[in-house]
Amino acid sequence: MHRTDKENYYLDIAQAVSGRGTCLRRNFGAIIVKYDQIIATGYTGAPRGRKNCVDLDFCIREDQKIPRGERYELCRSVHAEANCIINAARNDMIGSVLYLVGLDAKTGELISDANSCGMCKRLIINAGIDRVVVRNSPADYSVIIVRDWVFADDSLAGKRGY
């Protein structure tokens, strides 16, 4: 019998959460886990009560051909990491792990080089999260030590975000 390792177990859950995403470009799912307990979940979508891009069938960043990783202030969506952090108490997040999975909205394929944008990195740092685990393929993942972002200010520029 094959048993899924813990990292991929939580990444599978984050990937299921991404299925609620409403972005026309990329949908991410995130979960925060501490002591093997899921603290919060979050996915890419418009703020509560506002229309989502899938409802409008329009994405301003797509329309203006804005490349990945740029001009997020134009985006209607709140990122999965931000939504996840919003749904948790800081005391519960201190020392936790955030699991992140991104899927291309058009193809459903995994985004193999996914990373948090600069704003989400700042939120993750301030939330007290220790590690971010990002799915690269169905079985492989990268582990990011959040304190490395603290000491590498250039990584907060968001060069390779959504």
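The residues in the range 35-59 that are buried (at least 18 other Cβ atoms within 10 Å of the Cβ) and not hydrophobic (A, V, I, L, M, F, W, C) can be counted, and the count is 5.
Taking the stated definitions as given, is Lys106 surrounded by 14 or more Cβ atoms within 10 Å (Cβ to Cβ) and within 27 Å of Asp140 (Cα to Cα)? Answer is no for this residue. Do we find that Glu62 is modelled with pLDDT under 90, open to solvent by 70 Å² or more (accessible area, probe 1.4 Å) and closer than 19 Å to Leu103 by Cβ in this structure? Here the answer is yes, as Glu62 does meet what is asked.
Each row is one residue, and each column tells you yes or no for (1) surrounded by 22 or more Cβ atoms within 10 Å (Cβ to Cβ); (2) under 20 Å from Val33 (Cβ atoms); (3) at pLDDT 95 or above.
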residue	(1), (2), (3)
Arg76	no, no, no
Met93	yes, yes, yes
Tyr99	yes, yes, yes
Ser116	yes, yes, no
Cys120	yes, yes, no
Ile129	yes, yes, yes
Val143	no, yes, yes
Ala157	no, no, no
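The values are calculated or read from the model by the stated rules, or taken from the named source; none is laboratory data. Model, not experiment: these values are computed from the prediction. Positions of Cβ are backbone-derived with ideal geometry, glycine not excepted, and every protein chain shown enters the neighbour counts. Heavy atoms of the whole protein, side chains included, go into the accessibility calculation; ligands, DNA and RNA do not. Shrake-Rupley method; radii C 1.70, N 1.55, O 1.52, S 1.80 Å.
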